[in-house]
Amino acid sequence: QLDPFYASIILFVGRAWDAVTDPMVGFFISKTPWTRLGRLMPWIIFSTPFAVISYILIWFVPDISRGQVMWYLIFYCIFQTLVTCFHVPYSALTMFISREQSERDSATAYRMTVEVLGSVLGTAIQGQIVGKVITPCIENPVFIGMTNSSVAMEELNMTHDTGSLTDTRNAYMIAAGVIAGLYILCAVILSVGVREKRESSELRSDEPFAFFQGLKLVMNHGAYIKLIAGFLFTSLAFMLLEGNFALFCTYTLGFRNAFQNILLAIMLSATLTIPFWQWFLTRFGKKTAVYVGISSAIPFLILVAVLDGNLIVTYVVAVAAGISVAAAFLLPWSMLPDVIDDFKLQHPDSRGHEAIFFSFYVFFTKFTSGVSLGISTLSLDFAGYQTRGCSQPSEVNFTLKMLVSAVPVGLILLGLFLFKLYPIDEEKRRKNKKALQDLREDSNSSSESDNTELASIV
């Protein structure tokens, strides 16, 4: 029952805080010494219980008349920080479990498959538990044409049934508890089942660099900047699609009772096709997979905007979108280790830069989510979107069409153009792999020679 303006402020400040915490966590990880558990795993283990507590407190409604805004702002920022402490080292683990490109690609495919599957599971849990609380739409004509969302929310709160509100609060707390339990379970499986290998990411002759010097080197690496740019726009396209597809199905297409199944079709399609894209990239190369996988969504996005109210077409579009979502989120993550290998060849004396690469990659993932949220909220509010309305003005329906069709298509085309500039193709990837192997062999032989000389002197 917060004013939508304050809710937007909380989300905006949380995303801005992410811009600070992601590189900060990358900095501290790069300075973390190796322990018996590794360098990354302690961050995952020790952040988990605090992340779970802060997540539950986000959904808790405190019994205070004032200060609720600060309550949610503080715990939302704390939770974002703790998730960063989990996600950055978790993502960077790819570089610490093997030095073989094929094994890292396989690990990335498994990771992204389970991440998408986890999104399906989380969406289903939250949706089923909260969805059991009936909150009917509002047909009062006083809402028609009203563009001030704060006034609409105030009117809504005056007529809201107290019992229904209590049931809704309880449902959100139950859902938060279940998801928190899954968070703990997954962290335990990860910490027990994965071991870091120090030699997988470092050369024996490496010398540590200062963080800001390393940051400057990373951000000046052309392949990394081009990969981030392409990843940014394609991710934004699919986040706009996912974030507005439920509203689009409910209001523009009129499938109020089917949109949960349609969203489930998207997520299941993405989960099931990640192994296919993993095979495709090993067979035809990663850049080719990017062009084919991401661009395949364009004709279907145009089709769903042209053919209104066709449920079969909508399901076809959902499946096709899921296929492209799998490619859009698997392939950039699969390409990042190649960029790091390329960086190592250009800066063979640098060490500990993996966390910097992954921390900014994680940041841009969150950044696109925040930008998508901001674009959607402002566009719909400007068009006159009515909270919990049974129907929406024609301007809202037109805006939803733009957000799930025209805008994503434009962003996909821009992202594919930027991927065209990405310099690491399959030939260069093979050359980098051989050069790294030669560099490691030279480093190892040099180290053995030094040890032999020292032994003879002794």
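The values are calculated or read from the model by the stated rules, or taken from the named source; none is laboratory data. Being a predicted model, the structure only gives us computed values, none of them experimental. Here the Cβ positions follow ideal geometry from the backbone for every residue, glycine too, while neighbour counts run over all protein chains shown. Note: areas computed on protein heavy atoms with side chains; ligands, DNA, RNA excluded. Shrake-Rupley method; radii C 1.70, N 1.55, O 1.52, S 1.80 Å.
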Practice item. Residues being at pLDDT 75 or above and not in a helix (DSSP H, G or I): count how many of those fall in the range 189-203. Key: 4
Point to revise | Filtered residue count, the range 204-231, keeping only those that are at pLDDT 85 or above and open to solvent by 40 Å² or more (accessible area, probe 1.4 Å) | key: 3
**Study point:** Asp349 being modelled with pLDDT under 85 and closer than 30 Å to Ser102 by Cα
**Key:** yes
Point to revise | Matching entry among Leu247, Leu330, Leu303 (being assigned to a helix (DSSP H, G or I), buried (at least 23 other Cβ atoms within 10 Å of the Cβ) and of a type in the set (A, V, I, L, M)) | key: Leu330
Exercise for review: Pull up the range 281-299, narrow it to residues that are open to solvent by less than 40 Å² (accessible area, probe 1.4 Å), among the hydrophobic types (A, V, I, L, M, F, W, C) and assigned to a helix (DSSP H, G or I), then point me to the one that is modelled with the lowest pLDDT.
Suggested key: Leu281
Practice item. Mind listing just one residue for me: the one in the range 117-134 that is of a type in the set (A, V, I, L, M, F, W, C) and more than 19 Å from Gln278 (Cα to Cα) and, of those, surrounded by the fewest Cβ atoms within 10 Å (Cβ to Cβ)? Key: Ile134
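One line per residue, one yes/no per condition, for (1) small (Gly, Ala, Ser); (2) more than 24 Å from Val317 (Cβ to Cβ); (3) part of a loop (DSSP other than H, G, I, E, B):
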position	(1), (2), (3)
Tyr361	no, yes, no
Tyr385	no, no, yes
Val396	no, no, no
Leu411	no, no, no
Check your understanding: Which condition breaks for Ala107 when tested against (1) within 28 Å of Met173 (Cα to Cα); (2) among the small types (Gly, Ala, Ser); (3) modelled with pLDDT of 85 or more?
Key -> (1)
Review point. Taking the range 287-315 on its own, how many of its residues are in contact with a helix residue (DSSP H, G or I) (Cβ under 7 Å, 6 or more places away or on another chain), of a type in the set (A, V, I, L, M) and more than 13 Å from Val409 (Cβ to Cβ)?
Key: 4
Revision key, fill the gap. Within the range 388-403, the residues that are small (Gly, Ala, Ser), open to solvent by 50 Å² or more (accessible area, probe 1.4 Å) and in contact (Cβ under 8 Å) with a residue 60 or more places away in the chain are Ser391
**Study point:** Number of the condition not met by Met70 [criteria: (1) more than 18 Å from Thr32 (Cβ to Cβ); (2) touching a strand residue (DSSP E or B) at 6+ places or on another chain (Cβ under 9 Å)]
**Key:** (2)
Exercise for review: Out of the residues in the range 274-302 that are hydroxyl-bearing (Ser, Thr, Tyr) and free of Cβ contacts under 8 Å to residues at least 40 places away in the same chain, state the one that is nearest to Cys249 (Cα to Cα).
Suggested key: Ser296
Practice item. Any residue in the range 107-121 that's closer than 16 Å to Ile97 by Cβ: show its pairings with residues that are part of a helix (DSSP H, G or I) and among the acidic types (Asp, Glu) at Cβ separation under 8 Å, as long as the two are six or more apart or on different chains. Key: none
**Study point:** Scan of the range 232-244 for residues that are open to solvent by 10 Å² or more (accessible area, probe 1.4 Å) and within 20 Å of Phe419 (Cα to Cα), ordered by number
**Key:** Leu232, Phe233, Leu236, Met239
